[in-house]
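As structure tokens, the structure follows; a few thoughts come after it.
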Amino acid sequence: MWQRIHALTIKEFLALLKDKRSRMVVFIPPIIQLLVFGYAATFDLNRIPFAVYDEDRSLTSRDLIARFAGSPNFHRVASISNDSEVNPLIDSKRALMVLHIGRRFSRQLLEAGAGPVQIIVDGRNSNTAAILLGYANTIFAAFNTDWQRQAGEATPSVRLETRAWFNPNLVSRWFIVPGIVGLLTLVVTTLVTALSVAREREQGTFDQLLVTPLRPVELLIGKALPGFIIGFAEATVIILIATLWFGVPLRGGLLTLYVGLFCFLLSTVGMGLMISSLSVTQQQGLLGAFLFLVPSIILSGFATPIANMPYWVQKLTLLNPMSYFLVILRGVFLQGTPFHLLINQFWPMAVIGVVNLTLASLLFRHRLY
Amino acid sequence: MPPEESTNVSSAPSAAHARRRRLSGLIRKEFIQILRDPSSIAIAFLLPVVLLLIFGYGVSLDAEHVPVAVVVEEPSADTASLVSGFQGSRYFEPMMLRDVESAEKALMSRQVLAIIHLRANFSRQFRQPNGAPVQVIVNGTDSNTGRLVLGYVQGVWRNWLERQAIARGQALVMPLEVQQRVWFNSRLSSRDFLVPGLIAIIMTLIGALLTALVMAREWERGTMEALMVTPVTMSEVLVGKLVPYFILGLGGMALSVVMGIWLFGVPLRGSVWLLLIGASLFLLAALGMGLLISTITKNQFVAGQVAIITTFLPAFILSGFIFDIASMPPIVQGITHLLPARYFVALLQTLFLAGNVWSVILPNALALAAFAAFFLGASRRKLRKRLE
């Protein structure tokens, strides 16, 4: 039995890696994508282009402007002196924000204790706008506190002391890079498995495999092993790059991480083979691969939290192996979550994997075409 | 020699006629093939519906009902009034606890995203000039949500201070009276911003999926060689492949736009004609990219792999659909310029939310046209009537 599986596995590897271009596609792009995406995927804004519209031109207004210009998050690109200049700046995206200080700002601040300030923000990217407003409000709050202290006014009766655990500076790279580990592992295993049976069916060689002494289980293992081995190897390289290159802390146990990886590969290889054995042509296999990949990534919590999704979509994510694996990845990397707290993430992936692999092996023989 | 003369005269129109017939034959053949394996139709019409539904409902960056643990070590009237601020907020789902240990456990397992901790001496310190500290701990694993939650906590805190001041009969005056105005999307609804980008991502997938395999299929099945012995030119083969999928792709685009407007209520403030032109240019670029992949690889398996790796993830992460391009490092920003999706996302976001802003539309449309010309030109160059 093992001899037959061994032979089939070697044949699968040859089919996959014999073509130089196919070899390249499986190994090079994931590593490049990790590097590029690791830098690209961030919710932190730096050097937000903003314009200053200062009609007051006082010491106080300059102090406020200097707080923005001195912040690493903001970058002053223009100074304007006319209402009509605001529109073109925002429309053309040259500035994301205009800080407008009215003519009577400093006088009202001194006389009434409150001066009006206006900020105009480009809301086309709502997330960027929300983050930008957060940064701006922090600067305004600091100005307020300093002003009140100078004026000798009473401090509030309750003050907040805020801290963030696991990621004290709230760096979004620490959140995103472990996610990319899952993302690329998913893409690579789909790449390896989703077209493998479909290609043999289209070329007619699958019928030949079916008349050999290989039993369905052996056929299944032979088809699944390349996905497993390549998935394990690439995930390991990606985890190494995530920790050594991007400096994301790996606080939990490697064993926990790899048990998670094993269950995840079981489910994605199963999915890939199921799609593949369901399709008669490679075009259908490719369509199936995308119909699986895209929702798996969008509904995984990779970029947007599952908790923000409507109830029925949250239920749908229970079928998504990626959503479990992301909890494991982020838990093990950042929180150092111990093994026993993650058991509820391991078993659903294993169940999804076993069900899909069983379906795939049934489809090997019973798919009519 | 009168007969020769007559053939000379009639040869020009008959050549044009023959070309038209060859082309319409090729296009008909392609349509028949599309109908035979309905996966192409599924790609053009089923894929956008399914993806837009999942995306449109599933992707949201607006956090509401965030579970938080509120730890009050010694309840009193003062703590009750502050806590009621959290209970009344639609952003929070408070879980009342008496000790920090259980709250920390809940934070670790992500049952709660933050802890609001009022210590035993809260009421005593509250009366003192320095004020009482409230400890706020957020789970920073999801940094974006963590930052949002901190912002919400500050909002509740500021509202509470205001109500306290009013109760004491004084107005709480802040030195800066900040007025925020968010243009184009005043509610900051993430759906309005995400749906136009989603359409661009979906069209990227459709464009590549439709054509990535078609040339390779002809090579693999040997029908390309059959085509070579006919009088059709390679340009005609290319156009014959392009036209049917362009029509399918535009159908998918129209479906997505209609769904975006009617189902998700995204405003379309720009002109429909500009949208059509932009979409056509982008579709030519995306189909051209698929054709180029297909022409170069001549192998469906490799072409499929290339399509998986080069389309979705780059368009998802590098197009500015969700991650802001301006905050990426300069090298990565340079790389984003190599993606047609980047220009299409900018074009769609502006056309939908802002309107006909020529300073955004023109450069992006020109870039898309350049990409279309490049991909189609390169496919034509790589496509030769020659056997290896």
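The values are calculated or read from the model by the stated rules, or taken from the named source; none is laboratory data. If you're wondering where the values come from, they're calculated on a predicted model, not measured in any experiment. Neighbour counts are summed over all protein chains in view; Cβ atoms, including those assigned to glycine, are modelled from backbone coordinates with ideal geometry. Surface accessibility is based on the protein's heavy atoms, side chains included, excluding ligands, DNA and RNA. Shrake-Rupley method; radii C 1.70, N 1.55, O 1.52, S 1.80 Å.
Is it true that B:Phe55 is in a helix (DSSP H, G or I), aromatic (Phe, Trp, Tyr) and at pLDDT 80 or above? Spell out how you get there, then give the answer.
On the way: in a helix (DSSP H, G or I): yes; aromatic (Phe, Trp, Tyr): yes; at pLDDT 80 or above: no.
Criteria not met by B:Phe55.
Looking only at segment B:62-76, filter to residues that are open to solvent by 50 Å² or more (accessible area, probe 1.4 Å) and touching a residue at least 24 places away in the same chain (Cβ under 8 Å); which one of those is nearest to B:Ser143 (Cα to Cα)?
Taking segment B:62-76 and keeping what is open to solvent by 50 Å² or more (accessible area, probe 1.4 Å), we get B:62, B:64-65, B:73-75.
Now narrow it down to the ones that are touching a residue at least 24 places away in the same chain (Cβ under 8 Å): B:62, B:64-65, B:73-74.
On the way: B:Asp62: 14, B:Glu64: 16, B:His65: 17, B:Glu73: 28, B:Glu74: 31 Å.
Ranking the candidates gives B:Asp62 first.
Checking B:Ala285 against (1) open to solvent by less than 10 Å² (accessible area, probe 1.4 Å); (2) small (Gly, Ala, Ser); (3) under 22 Å from B:Val357 (Cβ atoms); (4) within 14 Å of chain A (Cβ to nearest Cβ), only one condition comes out false. Which one?
All conditions pass for B:Ala285, except number (4).
Report those helices (runs of 4 or more DSSP H) wholly inside segment A:292-369 carrying at least 2 residues which are surrounded by 20 or more Cβ atoms within 10 Å (Cβ to Cβ). Working first, answer last.
Numbers: elements: A:311-316, A:321-330, A:343-366.
Output list reads A:321-330, A:343-366.
Residue under question is B:Phe375, and the condition is that it be in contact with a helix residue (DSSP H, G or I) (Cβ under 9 Å, 6 or more places away or on another chain), assigned to a helix (DSSP H, G or I) and free of Cβ contacts under 8 Å to residues at least 40 places away in the same chain; does it hold? So that I can check it myself, show each step before the final result.
Values: in contact with a helix residue (DSSP H, G or I) (Cβ under 9 Å, 6 or more places away or on another chain): yes; assigned to a helix (DSSP H, G or I): yes; free of Cβ contacts under 8 Å to residues at least 40 places away in the same chain: no.
No, not satisfied.
Identify all residues within segment B:117-162 that are in contact (Cβ under 8 Å) with a residue 40 or more places away in the chain and among the charged types (D, E, K, R); write none if there are none.
The answer is B:Arg119, and nothing else.
Can you find a residue that is assigned by TED's automatic domain parsing to the domain that holds B:Val239, over 23 Å from A:Asp122 (Cβ atoms), open to solvent by 30 Å² or more (accessible area, probe 1.4 Å) and within 20 Å of the chain's Cα centre (by Cα) anywhere in segment B:306-314?
Within segment B:306-314, one or more residues are assigned by TED's automatic domain parsing to the domain that holds B:Val239, over 23 Å from A:Asp122 (Cβ atoms), open to solvent by 30 Å² or more (accessible area, probe 1.4 Å) and within 20 Å of the chain's Cα centre (by Cα).
So if I check each of A:Gly288, A:Gly301, which one is under 30 Å from B:Gln111 (Cβ atoms), more than 7 Å from chain B (Cβ to nearest Cβ) and in contact with a Leu (Cβ under 8 Å, 6 or more places away or on another chain)? So that I can check it myself, show each step before the final result.
Values: A:Gly288 fails: under 30 Å from B:Gln111 (Cβ atoms).
Sole residue among the options that is under 30 Å from B:Gln111 (Cβ atoms), more than 7 Å from chain B (Cβ to nearest Cβ) and in contact with a Leu (Cβ under 8 Å, 6 or more places away or on another chain): A:Gly301.
Among the residues of segment A:184-229 satisfying the criterion of being open to solvent by 20 Å² or more (accessible area, probe 1.4 Å) and within 10 Å of chain B (Cβ to nearest Cβ), which is nearest to the chain's Cα centre (by Cα)?
A:Arg199
Rundown of residues vs (1) of a type in the set (A, V, I, L, M); (2) at the interface with chain A (Cβ under 9 Å from one of its Cβ atoms); (3) under 26 Å from A:Val327 (Cα atoms), yes/no style:
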| residue | (1), (2), (3) |
| --- | --- |
| B:Pro67 | no, yes, yes |
| B:Gln87 | no, no, no |
| B:Arg124 | no, no, no |
| B:Asn139 | no, yes, yes |
| B:Val156 | yes, no, no |
| B:Ile166 | yes, no, no |
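Identify, from the list B:Ile317, B:Ile296, the residue that is part of a helix (DSSP H, G or I), open to solvent by less than 20 Å² (accessible area, probe 1.4 Å) and within 26 Å of A:Ser22 (Cβ to Cβ).
Details: B:Ile296 fails: open to solvent by less than 20 Å² (accessible area, probe 1.4 Å).
None of the others qualify; the one that does is B:Ile317.
Could you please tell me which pairs satisfy a Cβ distance under 6 Å, a separation of 6+ or placement on different chains, a first residue in segment B:95-108 that is open to solvent by 70 Å² or more (accessible area, probe 1.4 Å), and a second residue that is in a helix (DSSP H, G or I)?
Listed by first residue and then by second, the contacts come to nothing, as the list is empty.
Touching a residue at least 40 places away in the same chain (Cβ under 8 Å), within 30 Å of A:Val86 (Cα to Cα) and under 23 Å from the mean Cα position of the chain (by Cα), is that true of B:Ile206? Spell out how you get there, then give the answer.
On the way: touching a residue at least 40 places away in the same chain (Cβ under 8 Å): yes; within 30 Å of A:Val86 (Cα to Cα): no; under 23 Å from the mean Cα position of the chain (by Cα): yes.
It is false that B:Ile206 is touching a residue at least 40 places away in the same chain (Cβ under 8 Å), within 30 Å of A:Val86 (Cα to Cα) and under 23 Å from the mean Cα position of the chain (by Cα).
Being within 13 Å of B:Phe55 (Cα to Cα) and in the same structural domain as A:Val354 (by TED's automatic domain parsing) narrows it down to one residue among A:Leu291, A:Leu261; which is it?
Details: A:Leu261 fails: within 13 Å of B:Phe55 (Cα to Cα).
Going through A:Leu291, A:Leu261 in turn, the sole match is A:Leu291.
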